[in-house]
Amino acid sequence: MASTLAYRMRPTSLKDVLGQKHIIGEKAIFSQFVKKKHPMSCILYGPPGCGKTTLASALANDLDIPYRIFNASTGNKKEMDMIIEEAKLSGELFVIIDEVHRLNKDKQDHLLPHIENGLLVIAGCTTANPYHSINPAIRSRCQIIEVKPLSKDDIVDGLKKAIVSDKGLKNEFKVEDDVLKYIADLSSGDIRYAYNCLELASVLSDDTNITLEMVKNSIQKANAQFDKDEDQYYDTLSGLQKSIRGSDPNGAMYYFAKLIEAKDIESLERRVITTAYEDIGLANPNACMRTVMAFQAAKVIGFPEARIPLASAIIDLCLSPKSKSSENAIDAALASLATHPYPAPSYLRLTPVGLEEDEKYDYSRPELWEYIQYLPEQLKSEQFYIPWMTSNYEKALAENYRRILKHGRTSRIKELNHTKKK
């Protein structure tokens, strides 16, 4: 069976790699590795299709050293032992580890001494953020290098080379520039996806012309560029949350649209409801409740219709006034507790011991409750809740709060209990 266009067009030398000038440009790290014949272990991280494995194999080719590819998901310890033995025989070996973030602890421990002594030089490739997903012992022995998504111009250049290359379409098709730009727009920086689109269009073409209409009909959907196990998925959730916080319904709808592709309603629910109570909170508590109800409805009806109540809730949150006063209040209380873990005053305890009846909390005197001091004596002046005056609702709460602060609170329960009922 013939290999794919994407496979045939994979560069074998750094000079043929698209983009990534921060890695392969003059005096950049890989160029220096080649110039001085001194490679070092590294972790290459970035989105799918940006060229991580290609960069690693091209580097090995330019260094003219043997290399092996090990997949951390499917490779076993026996395969790893064979690689280590080969390295011992040859004196050096370059090992490309795909999906390096999936390397389990046993395999990591097995590799570490050989990376440490230089027997193995590795290039770990991953779509995950290495600072979150890779064991610090491996990470500390490697240079961390970000491989960036290719620009649209890079994608167009790659497609043009594929059209004329003897390894590609061999100049057998005529493709207009607007077709190449359309494919580049859909590809989200993934050259492999772009090559696959071009190859599909060439297969579907009845003649030697690849038209824009043909490509639009054959390619129904843009490359979403992530699945729910990858960092980009969580970056998109973060983009949604920050768009809500920044009151941008357009940004929020864009990131929400991307997340619909993953159909992971549970993660979406956790993030959006947290955002509602964290960033809107007391400024519009009804919007928080409506968000909870929208997710209940979404779970009942499922996607694709679930997008409708969720879109309503997200726009509601975007355009609501914002208040982080409740989050700030509990965080301030937690910070105080960390250094001042005082017990509750004796008159607040469930079963107070050694107190006279008139020294106890009186359940029958609700008119006194807001005059009682509830904080421990050592913290009586603390004020954890600071209102945000961003909505009429919280302004009303703040006014009541000011009234209570004005008359103050007391720990002299006996005196308070002897005041006359109003």
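The values are calculated or read from the model by the stated rules, or taken from the named source; none is laboratory data. What you are looking at is a predicted structure, and each value in this text was computed from that prediction instead of being measured. Positions of Cβ are generated from backbone atoms using ideal geometry, with glycine treated the same way; all protein chains shown enter the neighbour counts. These accessible areas exclude ligands, DNA and RNA; they are computed on the full protein's heavy atoms, side chains included. Shrake-Rupley method; radii C 1.70, N 1.55, O 1.52, S 1.80 Å.
Extending 7 Å from Cα along the Cβ direction at residue 377 and again at residue 334 yields two label points whose distance is 3.0 nm. Taking a 23 Å limit on the Cα-Cα distance, which of the listed pairs 15/52; 52/167; 299/324; 167/216; 15/148 fall beyond it? Pairs exceeding the cut-off: 299/324; 167/216.
Rounded to the nearest whole Å², what accessible area per residue is found for the chain with the 1.4 Å probe? Walk me through the intermediate numbers first.
Values: 23240 Å² over 422 residues.
On a per-residue basis, the chain sits at 55 Å².
Among the listed options (i) 1.47; (ii) 1.42; (iii) 0.98, the one matching Cα Rg over 2.2 N^0.38 Å as calculated from these coordinates is (ii). Think of the chain as having a plus end and a minus end, set by charges on the Cβ of Lys, Arg, Asp and Glu; of 32, 345, 50, 345 sits farthest toward the positive end of this dipole. Result for the chain in a Gaussian network model with C-alpha springs under 10 Å: among 126, 274, 339, the largest mean-square fluctuation is at 339.
Over region 284-406, what relative contact order in percent results from Cα pairs under 8 Å that are six or more residues apart?
Values: 79 pairs, mean separation 32.2, N = 123.
Once normalised by length, the contact order is 26 percent.
Considering only DSSP beta bridges whose two residues both sit in the chain, what percent are antiparallel, to the nearest 5? The partial results should precede the final answer.
Numbers: 0 of 22 bridges.
Taking every DSSP beta bridge within the chain, about 0 percent pair in antiparallel fashion.
Note: relative contact order over the chain, using C-alpha pairs below 8 Å and six or more positions apart, is 12 percent.
Using the Cα gyration tensor of region 340-418, with a ≥ b ≥ c the square roots of its eigenvalues, what is the shape: rounded (a/c below 1.5), prolate (a/b larger than b/c) or oblate (neither)?
Working: a/c = 2.73, a/b = 1.76, b/c = 1.56.
Prolate, since a/c reaches 1.5 and a/b exceeds b/c.
Can you return the aspartates and glutamates within cross-link range of residue 258? Criterion is Cα-Cα under 12 Å, with same-chain partners fewer than 8 residues away left out. Within the straight-line limit of under 12 Å, residue 258 reaches these aspartates and glutamates: 227, 235. Computed from point charges on the beta carbon alone (+1 for Lys and Arg, -1 for Asp and Glu), the dipole magnitude for the chain about its Cα centre is near 920 Debye.
What's the FRET efficiency of residue 410 with residue 110 using the Cβ-Cβ distance as r and R₀ = 41 Å, to the nearest 0.05? Before the final figure, lay out each step's value.
On the way: r = 67 Å, r/R0 = 1.65.
Efficiency computed from Cβ-Cβ geometry: 0.05.
Probe radius 1.4 Å, ligands and nucleic acids ignored: give me the carbon and sulfur share of the accessible area of the chain as a rounded percent.
Details: 12350 of 23240 Å².
The computed percentage sits at 53.
With both labels modelled 7 Å from their Cα along Cα-to-Cβ, the residue 365 to residue 208 distance reads 10.1 nm. Overall shape: oblate for region 152-224, with the ratio a/c of the largest to smallest alpha carbon gyration tensor axis at 1.5 or above and b/c at least equal to a/b.
Estimate the FRET efficiency between residue 292 and residue 88 by the formula 1/(1 + (r/R0)^6), using the beta-carbon distance for r and 60 Å for R0, to the nearest 0.05.
Values: r = 61 Å, r/R0 = 1.01.
About 0.50, to the nearest 0.05.
Of 53, 390, 291, the residue with the greatest mean-square motion in the GNM of the chain, using alpha carbon springs below 10 Å, is 390.
At 0.36 nm per residue, and after removing the present C-alpha to C-alpha distance, how many nm does the segment from residue 164 to residue 21 gain when stretched out fully?
Values: separation 143, 0.36 × 143 = 51.48 nm, distance 2.38 nm.
In short, 49.1 nm is gained.
Taking a ≥ b ≥ c as the square roots of the eigenvalues of the Cα gyration tensor, region 227-319 is oblate, since a/c reaches 1.5 or more and a/b is not larger than b/c. Site pair residue 172 and residue 270 shows an inter-label distance of 5.0 nm when each label is modelled 7 Å from Cα along Cα→Cβ.
Taking region 340-418 as the region of interest, the number of lysine pairs whose Cα atoms are within less than 22 Å, with members eight or more places apart or on different chains, is 6.
If R0 equals 51 Å, the separation of the Cβ atoms of residue 71 and residue 385 corresponds to a calculated FRET efficiency of about 0.45. At what distance in angstrom do the alpha carbon centres of region 269-310 and region 62-118 lie from each other? What the calculation gives is 47 Å, centre to centre. For region 320-367, the Stokes-Einstein estimate of translational diffusion at 37 °C and a viscosity of 0.692 mPa s comes to 234 µm²/s, using the Kirkwood hydrodynamic radius over alpha-carbon pairs.
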